[in-house]
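Heads up: the structure comes next, in structure tokens.
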Amino acid sequence: MLPANAQEHSAAKSEQAWLASLITKTPQEGFELATTLARRGVRATQPDTEVLRDLRSVYASDPDSLIAASSVVAIHFQTIAAANDYWRSSGTQARD
């Protein structure tokens with residue numbers, strides 16, 4: 001049996017394996033990936049789903065919390081867009 005820290009590290013390592021690339025075909029797929037990254041970040045930070053459910057009512061009605069969550073998605077999208085050369089190489093242009 002592995003020590004607790006090794007077990008946690010193994011679980012974390014296998015959990016991280018889901019993201020093979022930041023490359024997406026379209027800006028829409030890039031935005032969806034950004035949203036997924038943000039959600040997974042929350043789950044990694046607070047793995048207790050019961051706590052997450054309990055806190056949802058608090059942040060769901062707090063405009064500052066919602067804006068902060070949107071900012072996290074936007075930062076992820078910015079990173080994904082840069083990784084995809086802003087979709088210029090595939091001919092798909094992001095609209096302003």
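The values are calculated or read from the model by the stated rules, or taken from the named source; none is laboratory data. Given the structure is predicted, the values throughout are model-derived calculations rather than measurements. A quick note on method: Cβ atoms are made from the backbone with ideal geometry, for glycine too, and the neighbour counts reach across all protein chains shown.
Taking the criterion of being out of contact with any helix residue (DSSP H, G or I) (no Cβ under 6 Å at 6 or more places or on another chain), assigned to a helix (DSSP H, G or I), among the aliphatic types (A, V, I, L, M) and modelled with pLDDT of 95 or more, would at least one residue in segment 70-77 satisfy it?
Within segment 70-77, one or more residues are out of contact with any helix residue (DSSP H, G or I) (no Cβ under 6 Å at 6 or more places or on another chain), assigned to a helix (DSSP H, G or I), among the aliphatic types (A, V, I, L, M) and modelled with pLDDT of 95 or more.
Tell me whether segment 24-44 contains one or more residues that are among the acidic types (Asp, Glu), at pLDDT 95 or above and part of a helix (DSSP H, G or I).
If we filter segment 24-44 for residues that are among the acidic types (Asp, Glu), which is where we start, we get 29, 32.
Those still in the list that are at pLDDT 95 or above too: 29, 32.
Now drop any that are not part of a helix (DSSP H, G or I), which leaves 29, 32.
The answer is yes; a qualifying residue exists.
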